[in-house]
Each structure stands twice: as C-alpha cells, then as structure tokens.
Amino acid sequence: MNRVRLLVLNAALGSLDYSVPAGMDVEAGSIVIAPLGPRKVTGIVWDEGRLPGADFDLSKLRPILEVVDVPPLSEPLRRLIEWTADYYCAALASVARMVLSSGGALGGPTTTTEYRLSGGTPERMTPQRAAAIDALEGEQGIIRELASIAGVSEGVLRGLVNQGVIEPVTVAIDRPYPPADPDFHQPALSDDQLDVAKRMVKAVEAKAYAPILLDGVTGSGKTETYFEPVAEAIRLGRQVLVLLPEIALTENFLVRFEQRFGSAPVLWHSSLKSTERRRAWRAISQGTAQVIVGARSALFLPYANLGLIVVDEAHEVSFKQDDGVRYNARDVSVMRARFESIPVILASATPALESLHMASTGTYELMELPSRFGGARLPDIKLVNLTEEKPANGRWLSVPIINALEDRLTKGEQSLLFLNRRGYAPLTLCRNCGHRFQCPNCSAWLVEHRLSARLACHHCALETKVPDECPDCGESDCLVACGPGVERIADEVGELFPEARVAVATSDTLGNPERAAEFIAQAEAKAIDVIVGTQLVTKGFHFPELTLVGVVDADLGLEGGDLRAAERTYQQVAQVAGRAGRGAKPGEVLIQTRHPDAPVIVALANGDRDAFYAAETESRRDASAPPFGRWAAIILSSEDEKEARAASISLGDTRPNRDDLYILGPAPAPLALLRGRYRYRFLVNARRSANLQQTLREWLDAHHFPPGVRVGVDIDPYSFV
Ligand code: ADP
Ligand code: ZN
C-alpha cells in the first residue's frame, strides 16, 4: 500500500487520503498518527485510498507520520463500526472513538509508581499511623487507593512515605492478568442446567454465529449455567465478553466468578483509572485478557480473539445509551457475534418482548431454565389494593406491608421495599405561596435529598442547598415535601420500627463498586433488616435470608406514557419479586397498587408471564410498535426557544411523504427544556419493510440547520422524553 484512506477520529472530517512513506508497515485496521494542518490526528486505516485517475499525484498527499504500536483493528470490528454508524445514523468517527476509548492505550508511559510497606517503622508512632500500617499489610497501590483501604487521609500516608515506611515501587502498566482456570471449581449442575450448558458449550465449539436466548426464572442459576460455555471458550484459548447492566452488580458477580475460575476477570467500566484502562485495552487487543466483564462500552473494544459474548440481564434498559452514539448494546452484541461468527447468549428472567419474538420465530435459539435451583420455590405474590387499604395520612406503607415487615423483624429475616424514586421527595413546595422548586435548566422538579441536604435535578448536574425560607415569598419553615422517595420510605420504616436496621440502596448510596461491595457484605452478614431501594436492587442480588419484598407503588411506571411502560413495569416488579425466597425459606411479595385490574398487575399477581407477553404482543401489533414496526425519534434542540421551534417547523415542511412511514410532530418534547436547551421532537413510525435510516438520512442531510441547532437521531428509542 502506498496510499490509504484514513478514518480520522473527528466526526466533521470523516475519511481523508494519505500516502504511506516507504518502509512503513501499514495494513487495513492499523492505527496511525497523521498530520492535519498544523496538528496531528489519530486515524484508522480503513481501506486503500481512492483509485488514482490519470492525473493522480501521490506527492499531493501528505504522508502518515507513524504507526501506533497496537494490533490493527480486525475486519469484523471494522464492519461492526460501519454497521453501527449506519444503523444508528451516527458518524463513523463517533463509533470508532468508542473503540479507541482509552486514549492512554495508544501512547503514554508504560510504567507507573505504586506504594507498599517497606518494613520500617516511623520515628513517631501515632494511633493513626499504627492503624494504617496494620491495614496496609500485603497491599500495594497508588496513594489514593491505599488511603481508602487504610481509612486515613492521603496526607498521613505521604508522611509515612517521607519517613521511608512506605516505599515506591515501579510497576509495568501492561503486566499480564492472572489466568482464569476453567476447571478451578466445577459446580454440580442440575439436570436442567446441565442440558442447557451442554448445548451452549457445543455452540462455542462450533465457532459460528449463534444467538441464544437463555430464559430462566429468577434464581434458576443462569450464571452458573453460562459459566460452562465461558469455561469452554477459555479452554479453547478464546476471549469472552460478559456485559452487565450496572456497575453495582459487578461485585456480586466477581465473587462468583472467582469461586468458579480461581481469579478475577478483567473489568471495563467508566470509573476505571486511566492506567487500568490502558492495561485492559492493551491486554484485550493482544488477546491476553481472557474474560472481560464490563458495562456496555466494553462491546466496542478490539478483542483479538473473541469466542463468546454473554449479555446478562439482557432486558435491562441501561444497555441503551442515550447520549453520543445512541445504541442498544444488546442489539449491537448480536451484530458483533454475527460479524465475529461466534455465539451470543442473552440471559434474562424477563426477556424483552423483541427477544422473545426472535426466539418464537426461530431466529434466536431458546434455552430455558424453568425452575429455581436447589428446590427454592418462587415467592407467593399478593396485591394490596390501595383504594381499600389506605396508608395513614402522610404515610405510604399499608397495614398488610407493615404487618409483614413486623413479622420478618421478629423472625430475624430480611425485607426489601422497592420504590423507583431516588431521594426524599419528588416535589417540594411552599405551604405559604405555593411556590414549586423547579430546575432552571430543565422541565423538571427539583428532588429533595435529605441524606445530603440538597435539592437536585435528576436530569442535569444542578444541586442546591435546601433553603431556609421560600425564595418567592420569603416565609421561613414553610417548605413541604410532596410524595415519597426511597429516603422517605426509609424514614417511615424507622418511625414504625425504631430498632430496625434500615439501608437505602440507590445509585446515590451504592454509586461505586466499593460501596456496593460494602452493602452486599452487610446484607449477607445480616447487618441490615430492611433494604429500601430503587431499580438498582431489582436485579442480580442474591440474599438467602430475604423473604419479604414490598412494592411500594406498582403504578408508578405505568404513568410515564411511553411505549414500553407496561413491559418495564412487568420486568421491574417481576425482577424485584425474584429477590424473595431465594434460600431455604419461602418468599412473599406484596404489591401496592391503585389499579388491581390493570392487565400488567393481574399478570404479575398470577405469575402469568405468558398471558402478559401475549397481551403486550397484541397491543404492540396494533400500534405497529417493535417488533412489528419500528420507531425513531428526532430531537432538535437549541438554547434559543424560537430558533429550536423555527428549525423544527422548517424541517417538518420538508418531511418525506411515504406510505411506509408516518412522521408525527414537531411538538415540544416531554422534557421541553433539558440542560438549558429547548427541545422539539419528531416521532417516526415505520413499517419493517421501510428503509428507515436511509429515509431519515436523506431528509436530514438535505436540510440546512442554523449553527445553534443540534440534531439528534434515536433509532429504536427507549426513552420517549
Ligand atoms: P439467576 O441469575 O438465574 O437469578 P443465580 O445464577 O443468581 O440465578 O443463582 C441463584 C443461586 O443459586 C446463586 O446463589 C447460585 O450460586 C446458586 N446456584 C445456582 N446453580 C447452582 C449450582 N449448580 N450449584 C451450586 N449453586 C448454584
Ligand atoms: Zn436540570
């Protein structure tokens, strides 16, 4: 190759042609540095450059400067990047950027300094120093990590470094990970588990595209079962990617992984330190990282030798990315498996309707685990009709839930109360003048968080102190909290049962892996009696002593009015119900609702999943919603309301006129103001046969937008705000 086309990592530039200096070794997929004006840019060699015409002059092209010393991106990965950009109407460069997401991996230092005890003693021993030295026995890491392990300030440790008690050591960033042993501890599988595991192992051995829906009730041991094909891939020297929806879940998973494989997997998520990212990225691209466990962004890493993808809790909404490239990691992982010619396992107790549909048409292979492992029974589910069982004024728990809580507390068993609302109260108002606290940047109320004494917007970063007086009328002591959040429910439990040890479990309290690990350890040690949590606690957790689940407001999710509201409510409640009675003791679930006759609620009460999915399928068919038709959303936004409105009206005027696609809008988006930008929305509903993306691209490309207007396209949207 003496000329190449580079995909430059800048969405506005796209691809550019360069020449290759003599003696430089590049191939398709090579990552290179090239000049651009006075700057240098990173690019990926996409293919050979434009075929030269008669007047083609190679000397007009600027030469590539250097090839980065990492393996070239593989053909399947490049095809995946193209497919993703095409399908989600995103720029190639934006997708490619997700692949190279670890800037440091491409250059930067190869060693880092860590610290450990030297064995010496300080001149002056203080209780703090003694405790720190005690805690750091056998530990090594950067000062910040050691400080958190020892529970002292970084200053204390720096003092010990100055005295030579803690010494620096130089470590290679790219040192290898400990190997996973596929035969470290082989659990005895049940007959059902064994049958499914064998089929999955076969799929791994076949090394061919095979989408599998692992549909197993909560507590059936899906993890233990899919660990078998993971082990097989390791034996065959291939890499495995396990996608998990939530970082808070990884801790639980890691413990089980280590028990099975004798070492920790390689982690990939947004809170990795840059040196860890570099180490992981490099090991993944060289094939030395065997099992990678990560959030959705791990899907775009440059695996050298991928043999299997597992998407755990595959129905989870958090696999959908709603900013930047708006993709759904569940769907893209199926495409990646296809390009890589490998199996992909979507595991869930409450699969997405789309996935079940694929299984029913035979596109996905269905593998089922119909019963709980070890003879544990699925919990009994009862409805509490809130129109009859009214909670006391200013309270949210009905008598049946209170009695059930009391019963568990007496028996020393655990309870879980679920309410999908962070904070103390979703709305605060002034009793005197009626002033409501609203976010100035978003069409949303500020949510009171008592634990942090703040009013916070859940859509932007805005946070303020709870004021002493009303900003409108100046009256003091006049603010009232309206409605419940988890913190308020926790208070209510505390007032009812002052002895109870209550823990609030939300992204505010379990936001990082350490805190999540601490929470799990406490729950397992029975140091918590009642957990009050949001959707974060609906999945993954396995607490054998937990025998009661109370759903505080099952109707909450149904009020959103979005397409998947019923499905999401069903999934959330079924998942949280699945946390009860996973050990030897049977579980009970109480669901508070004002609509005991709503089809979702009836299906939940009867444990009749099939009836729910059948009804939901029919209503989707009527609405020509997925999987029968398709949706896309287009959002135009601007800091200037008039500009956003004018741009969307003018875009509406040029809408394509086609039989196979309806365009609704423009209308102000439900979140009409978000992070200071005014938003207008089009919703597009298309037949399956329509070429949705191409139509949208042609429509949008032909239109000129003022510079202040941002255009976002969301294919298969989840959030309709
Ligand atoms: P699911 O993900 O299907 O809800 P889990 O994988 O969490 O279920 O399994 C439920 C519990 O049963 C876990 O504690 C798991 O370790 C245990 N378990 C499942 N299968 C086995 C097995 N074959 N041997 C031992 N323990 C098992
Ligand atoms: Zn806001």
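The values are calculated or read from the model by the stated rules, or taken from the named source; none is laboratory data. These numbers come from a predicted model, not from an experiment. Neighbour counts are summed over all protein chains in view; Cβ atoms, including those assigned to glycine, are modelled from backbone coordinates with ideal geometry. We work out accessible area using only protein heavy atoms, side chains counted, and drop any ligands, DNA or RNA first. Shrake-Rupley method; radii C 1.70, N 1.55, O 1.52, S 1.80 Å.
Taking Leu446, is it within 19 Å of Ala505 (Cα to Cα), away from ligand 1 (no atom under 16 Å from the Cβ) and hydrophobic (A, V, I, L, M, F, W, C)?
No.
Just wondering, is there one or more residues in region 339-348 that are open to solvent by 10 Å² or more (accessible area, probe 1.4 Å) and assigned to a helix (DSSP H, G or I)?
Checked against the condition, which is being open to solvent by 10 Å² or more (accessible area, probe 1.4 Å) and assigned to a helix (DSSP H, G or I), region 339-348 yields at least one hit.
Go through region 655-687 and give me each residue that's in contact (Cβ under 8 Å) with a residue 24 or more places away in the chain and either within 20 Å of Thr84 (Cβ to Cβ) or of a type in the set (Val, Ile, Thr) (or both).
Val684, Ala686
Name the residues in region 656-687 that are more than 16 Å from ligand 2 (Cβ to nearest atom) and surrounded by 17 or more Cβ atoms within 10 Å (Cβ to Cβ), would you?
Leu661, Ile663, Gly665, Pro666, Pro668, Tyr680, Arg681, Phe682, Leu683, Val684, Asn685, Ala686
Across region 533-558, what is the number of residues that are assigned to a helix (DSSP H, G or I) and either touching an Asp or Glu at 6+ places or on another chain (Cβ under 6 Å) or over 24 Å from Arg621 (Cβ atoms) (or both)?
5
Pull out all pairs, ordered by first then second residue, where Cβ-Cβ is under 7 Å, the residues are six or more apart or on different chains, the first lies in region 334-353 and is closer than 23 Å to Gly216 by Cβ and not assigned by TED's automatic domain parsing to the domain that holds Arg568, and the second is among the basic types (Lys, Arg) and surrounded by fewer than 23 Cβ atoms within 10 Å (Cβ to Cβ).
That search, which allows pairs on different chains as well, returns Ile342/Lys207; Leu353/Arg620.
If I ask for residues that are over 30 Å from Ala304 (Cβ atoms), within 18 Å of the chain's Cα centre (by Cα) and within 16 Å of ligand 1 (Cβ to nearest atom), which ones from region 319-376 would you list?
Selection gives Ala349, Thr350, Pro351.
Determine which single condition Lys382 fails, assuming it passes every other condition in (1) open to solvent by less than 60 Å² (accessible area, probe 1.4 Å); (2) in a strand (DSSP E or B); (3) more than 30 Å from Ala456 (Cβ to Cβ).
Condition not satisfied by Lys382: (1).
Condition check ((1) open to solvent by 10 Å² or more (accessible area, probe 1.4 Å); (2) basic (Lys, Arg); (3) away from ligand 2 (no atom under 16 Å from the Cβ)) across all residues:
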residue	(1), (2), (3)
Phe300	no, no, yes
Asp322	yes, no, no
Val332	no, no, yes
Arg336	no, yes, yes
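When you scan region 529-537, do you find a residue that is open to solvent by 40 Å² or more (accessible area, probe 1.4 Å) and closer than 30 Å to Pro626 by Cβ, even just one?
Yes, region 529-537 has at least one match.
Which condition does Gly494 not pass, out of (1) open to solvent by 20 Å² or more (accessible area, probe 1.4 Å); (2) more than 25 Å from Leu455 (Cβ to Cβ); (3) assigned to a helix (DSSP H, G or I), if it passes all the others?
Against the list (1) open to solvent by 20 Å² or more (accessible area, probe 1.4 Å); (2) more than 25 Å from Leu455 (Cβ to Cβ); (3) assigned to a helix (DSSP H, G or I), Gly494 comes up short only on (2).
For Pro400, are the conditions met, namely being in contact with a Leu (Cβ under 9 Å, 6 or more places away or on another chain) and more than 16 Å from ligand 2 (Cβ to nearest atom)?
yes
When residues of region 88-119 are filtered for being part of a loop (DSSP other than H, G, I, E, B), hydroxyl-bearing (Ser, Thr, Tyr) and open to solvent by 40 Å² or more (accessible area, probe 1.4 Å), how many remain?
Selection size over region 88-119: 3.
Check region 326-342 and report whether any residue there is touching a Lys or Arg at 6+ places or on another chain (Cβ under 7 Å) and among the hydroxyl-bearing types (Ser, Thr, Tyr).
yes
Just the residues that are crowded, with 16+ Cβ neighbours inside 10 Å and either touching an Asp or Glu at 6+ places or on another chain (Cβ under 8 Å) or assigned to a strand (DSSP E or B) (or both), please, taken from region 466-477.
Once the filter is applied, which keeps residues that are crowded, with 16+ Cβ neighbours inside 10 Å and either touching an Asp or Glu at 6+ places or on another chain (Cβ under 8 Å) or assigned to a strand (DSSP E or B) (or both), region 466-477 yields only Val466.
Among the residues of region 499-528, what is the count of those that are open to solvent by 60 Å² or more (accessible area, probe 1.4 Å) and within 18 Å of Val551 (Cβ to Cβ)?
Adding up the residues that qualify gives 0.
Just checking, does region 236-256 include any residue being within 9 Å of ligand 1 (Cβ to nearest atom), open to solvent by 50 Å² or more (accessible area, probe 1.4 Å) and either more than 26 Å from His357 (Cα to Cα) or not assigned by TED's automatic domain parsing to the domain that holds Gly578 (or both)?
yes
The conditions are (1) within 25 Å of the chain's Cα centre (by Cα); (2) open to solvent by 50 Å² or more (accessible area, probe 1.4 Å); (3) among the β-branched types (Val, Ile, Thr), and Val447 fails exactly one of them. Which is it?
Checking Val447 against (1) within 25 Å of the chain's Cα centre (by Cα); (2) open to solvent by 50 Å² or more (accessible area, probe 1.4 Å); (3) among the β-branched types (Val, Ile, Thr), the one that fails is (2).
Answer with yes or no whether Arg277 is open to solvent by 10 Å² or more (accessible area, probe 1.4 Å) and either at pLDDT 95 or above or within 20 Å of the chain's Cα centre (by Cα) (or both).
Against the criterion (open to solvent by 10 Å² or more (accessible area, probe 1.4 Å) and either at pLDDT 95 or above or within 20 Å of the chain's Cα centre (by Cα) (or both)), Arg277 qualifies.
If we only count strands (runs of 3 or more DSSP E) wholly inside region 633-721, which ones have 2 or more residues that are of a type in the set (Ser, Thr, Tyr)?
Counting at least 2 such residues, we get 677-687.
When you look at Arg421, is it in contact (Cβ under 8 Å) with a residue 12 or more places away in the chain and either within 16 Å of ligand 1 (Cβ to nearest atom) or surrounded by fewer than 18 Cβ atoms within 10 Å (Cβ to Cβ) (or both), yes or no?
Criteria not met by Arg421.
When you go through (1) more than 16 Å from ligand 1 (Cβ to nearest atom); (2) under 23 Å from Asp608 (Cα atoms); (3) open to solvent by 20 Å² or more (accessible area, probe 1.4 Å) one by one for Asn441, which number turns out not to apply?
(2)
Return the total of residues in region 405-453 being within 16 Å of ligand 2 (Cβ to nearest atom) and either farther than 25 Å from Val721 by Cα or in a loop (DSSP other than H, G, I, E, B) (or both).
Residues in region 405-453 being within 16 Å of ligand 2 (Cβ to nearest atom) and either farther than 25 Å from Val721 by Cα or in a loop (DSSP other than H, G, I, E, B) (or both): 11 in total.
Collect the residues in region 674-696 that are within 28 Å of the chain's Cα centre (by Cα) and more than 14 Å from Ser648 (Cβ to Cβ), keeping them in residue-number order.
Those that are within 28 Å of the chain's Cα centre (by Cα) and more than 14 Å from Ser648 (Cβ to Cβ): Leu674, Arg675, Gly676, Asn685, Ala686, Arg688, Leu692, Gln693, Leu696.
For the condition among the polar types (S, T, N, Q), crowded, with 21+ Cβ neighbours inside 10 Å and away from ligand 1 (no atom under 16 Å from the Cβ), what is the one hit in Thr428, Thr410?
Going through Thr428, Thr410 in turn, just one is among the polar types (S, T, N, Q), crowded, with 21+ Cβ neighbours inside 10 Å and away from ligand 1 (no atom under 16 Å from the Cβ): Thr428.
I'm trying to understand the selection: among the residues of region 688-712, which are open to solvent by less than 70 Å² (accessible area, probe 1.4 Å) and over 15 Å from Asp86 (Cβ atoms)?
If the condition is that a residue be open to solvent by less than 70 Å² (accessible area, probe 1.4 Å) and over 15 Å from Asp86 (Cβ atoms), then Ala690, Trp699, His703, Phe705, Pro706, Gly708, Val709, Val711, Gly712 are the ones that fit.
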